[in-house]
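In what follows, a single structure is set out as structure tokens and then discussed.
The values are calculated or read from the model by the stated rules, or taken from the named source; none is laboratory data. These numbers were taken from a predicted model, which means no experiment stands behind them. Cβ atoms come from the backbone with ideal geometry, glycine included; neighbour counts cover every protein chain shown. For the accessible areas, the whole protein counts, side chains as well, though only heavy atoms, and no ligand, DNA or RNA atoms are used. Shrake-Rupley method; radii C 1.70, N 1.55, O 1.52, S 1.80 Å.
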Amino acid sequence: MPSLAVGWEYLTGYAVATDWTNRDRAEWPPHPGRVFLALAAAHFETGEDPAERDALRWLEALGDPELHLPPSNAVFERTNVTVYVPVNDKAGPSAAMLQSAPTTTRSRQARTFPRVWVGSSPCYMTWQDAGDLDKHRAALEQVCTKVTRIGHSSSLVRMWVADEVDPRAGEHWQPDDLNATVHCRVVSKNTLGSLPEQTQIPLINDFAHLAQRVASSKRAEQKLVKTEFEGRFGKKWKRGIAPPPLLRPNLGIWRGYRSAGAHRPDPDVAHSNFDTDLLILSHTDGPQLPLVSTLAASQALRNTIMKHSGEQPVPSWVSGHDPNGTPLHHDSDAHLALTPLPFVGRSHADGHLLGMGLAFPRSTNLKERGRVLGALLLNEHGKPKPVALHLGRLGAWTLTKRDWTESRRALQPETWTAHSRGSQTWASVTPVVLDKFPKSSRRDDRAAWTDEVARIVASSCERIGLPLPDAIDLDTTSWVHGSSRAVRKQRQLRSGAGSDGQQGTGCGDGFPPYPPKGTNVPRLQVHVWLRFPEPVVGPILLGAGRYRGYGLCMPWKEADR
């Protein structure tokens with residue numbers, strides 16, 4: 001099947017278009033729906049050629065396109081500046097005098113024109129399966145040459161039909177509702193046909209035509225024209241009557257997009273069994289929780305996922321159990337892990353939770369994830385919806401899929417994965433819960449105990465697909481600033497601090513035991529520092545509590561001490 005690529009470049013280097021959901025923000029990536037509307041406008045404004053109409057109807061039926069855009073590190077949103085613009089349709093006395101006509105005044109209104117610097121790199125929409133391309137290519141090329149802008153009138157473009165994608169458009173975006181970092185308006189069948197009615201242009205043209213006939217006719221004929229006007233517009237003709245307003249077309253279908261190559265690991269770098277494509281949920285409402293509340297937050301999130309899963313019974317890679325209820329083997333990589341996303345690793349970090357992350361096993365594909373989690377995370381229009389967590393005595397929390405403009409370091413997947421080159425040294429943010437109980441006594445022979453614990457930690461690394469570390473250090477205190485002690489002090493346990501971390505309000509409080517008191521014998525918890533013989537890519541989650549947020553590590557540098 002032939003493929004299709006429609007390319008364009010911003011002639012001024014700027015994409016000037018307002019975000020549909022926030023008038024103070026610029027729209028980026030450019031929505032496929034907006035690009036299609038630019039093509040449709042060029043078609044309607046230049047004679048409505050039948051061949052162009054057929055080509056656009058064929059284009060709207062091809063489905064959601066992939067996007068090829070300039071690399072994100074070369075694109076940035078400019079600071080929004082408020083300007084005051086004379087309003088042309090409100091002439092009259094005011095305090096604002098026009099410099100070009102000192103005797104004329106106009107009121108001035110505040111306006112903003114959000115814009116994104118794109119540079120000279122081209123942009124593309126592509127379809128892998130574009131049957132009948134040969135039939136419509138000439139007409140499509142013709143309408144592309146007529147497009148002068150996408151978005152604001154200052155957002156000048158040149159558009160063409162391309163045979164291949166220019167390598168400078170190095171960032172590839174694919175439709176993906178569940179793992180989306182941005183949501184875009186798209187088109188569907190009959191979008192082109194609905195535009196005249198949405199904009200009211202035929203109604204405006206009829207109004208102008210009938211108004212001209214009323215003005216040019218006399219008596220009996222004029223009475224008939226006025227009757228025709230009343231039948232068309234539902235009100236009587238009178239002098240000074242205002243024409244119908246020109247409306248903006250509204251595209252009601254949204255689709256999620258994700259950068260296809262953003263989390264693709266380097267095949268030459270060692271990689272854990274967890275996918276680097278973390279699903280980030282940011283905290284949007286509820287109390288500020290300390291890092292020691294990890295177990296309560298992850299358990300509440302797991303319960304919510306299990307309850308609202310799009311597949312029942314819940315798949316084993318989500319529940320961690322076989323269909324008969326037997327827990328999956330520890331060596332299996334087919335289990336969803338829920339991780340805290342705390343404010344750590346900075347001089348003023350206090351460890352409070354900024355959100356939660358979902359680390360998927362690499363064996364699950366994107367469609368499978370969407371079937372299970374789509375109903376929980378997305379509304380009927382495919383846009384993110386809030387996820388409510390009930391945390392008992394800690395109150396209620398609300399999480400929402402991370403917005404693509406999120407700048408906080410803890411809510412960036414690369415912070416926890418070291419994508420794509422990896423990192424050689426890592427340090428635990430939440431303590432590692434040992435898979436085994438050491439046989440050596442810490443009191444009787446500390447050196448033997450340390451060696452045995454290090455071997456257990458090394459085995460945990462190997463269990464998730466990583467090479468054995470060539471250096472391991474252990475402590476009750478984390479190497480990462482802002483984290484909490486591996487275990488609570490005895491006085492904290494005697495004071496009644498529960499396993500939900502309710503009394504842990506700062507980074508100096510220790511983590512509760514895992515498993516929680518009253519379930520099983522709590523296992524040993526330690527903070528670790530790891531150095532691998534080669535860089536590795538995360539996320540790195542170690543130990544028996546790795547599926548509930550314990551044993552989470554982050555890349556570490558000497559400067560982080």
Q. So what's the Cα pair-distance distribution over segment 278-347, bin width 5 Å, in %?
A. 3, 13, 20, 23, 17, 11, 8, 3, 1, 0
**Q.** segment 405-487: C-alpha pair distances exceeding 17 Å, %
**A.** 59
(Q) I'd like to compare 301-309, 521-529, 219-227: which one has the highest average count of other Cβ atoms within 10 Å, and what's the full order after that? (A) 521-529, 301-309, 219-227
Q.
With angles folded into 0 to 90 degrees, how steeply does helix 294-308 sit against the dominant principal axis of the chain? Use alpha carbons for both and round to 10.
A. 50
**Q.** Computed helical MRE - 222 nm, the chain, DSSP H runs ≥ 4 contributing -39500 (n - 2.57), nearest 500
**A.** -7500 deg cm²/dmol
Q. Which of the residue pairs K189/K383; K307/K385; K307/K436; K146/K189 have a Cα-Cα distance greater than 26 Å in the structure shown?
A. K307/K436
Q.
Can you tell me, using C-alpha contacts under 8 Å and at least 6 residues apart, the relative contact order of segment 345-450 as a whole percent?
A. 13
Q) Of the trypsin sites (Lys or Arg not before Pro) in segment 337-379, which ones lie in a loop per DSSP and count no more than 14 other C-beta atoms within 10 Å? A) R346
Q: Using only C-alpha atoms and all pairs of different ones, pull out the Kirkwood radius for the chain in Å with one decimal.
A: 27.5
Q. log₁₀ I(q)/I(0) of segment 172-306 at q = 0.10, 0.13 Å⁻¹, via Debye over equal Cα point scatterers, no solvent, to two decimals?
A. -0.66, -0.81
Q.
Please compute the volume of the convex hull spanned by the alpha-carbon atoms of segment 44-86 and report it per residue in Å³.
A. 171
Q: Calculate how steeply helix 219-233 sits against the longest principal axis of the alpha-carbon atoms of the chain, using the helix alpha-carbon long axis, and give the answer as 0 to 90 degrees to the nearest 10.
A: 10
Q | With Cα atoms, 0 to 90° folded angle of helix 32-44 axis to the chain main axis | A | 10
Q: Please state, to two decimals, what the Cα-based radius of gyration of segment 114-226 comes to when divided by 2.2 N^0.38 Å (N = residues).
A: 1.65
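For the chain, what relative contact order do you get, as a whole percent, if you take Cα pairs closer than 8 Å and at least 6 residues apart?
Computed over the chain, the figure is 15 percent.
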Q: Just read off the accessible area of I280 with the full protein assembly in place, 1.4 Å probe, to the nearest 10 Å².
A: 10
Q: On the protein heavy atoms, probe 1.4 angstrom, tell me the percent of accessible surface of the chain carried by carbon and sulfur.
A: 49
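Of H481, H352, which has the most accessible area and how do the rest follow, probe 1.4 Å?
H481, H352
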Q) What whole-number value in Å² describes the accessible area per residue of the chain for a 1.4 Å probe? A) 49
Q | DSSP-defined antiparallel bridges as percent of all bridges, the chain, nearest 5 | A | 95
(Q) Regarding segment 321-397, what's the average projected area of the Cα-atom convex hull, expressed in nm²? (A) 8.3
Q: Towards the positive end of the charge dipole of segment 129-254, with charges on Cβ (+1 Lys, Arg; -1 Asp, Glu), say which of V182, G151, P243 has the farthest Cα.
A: P243
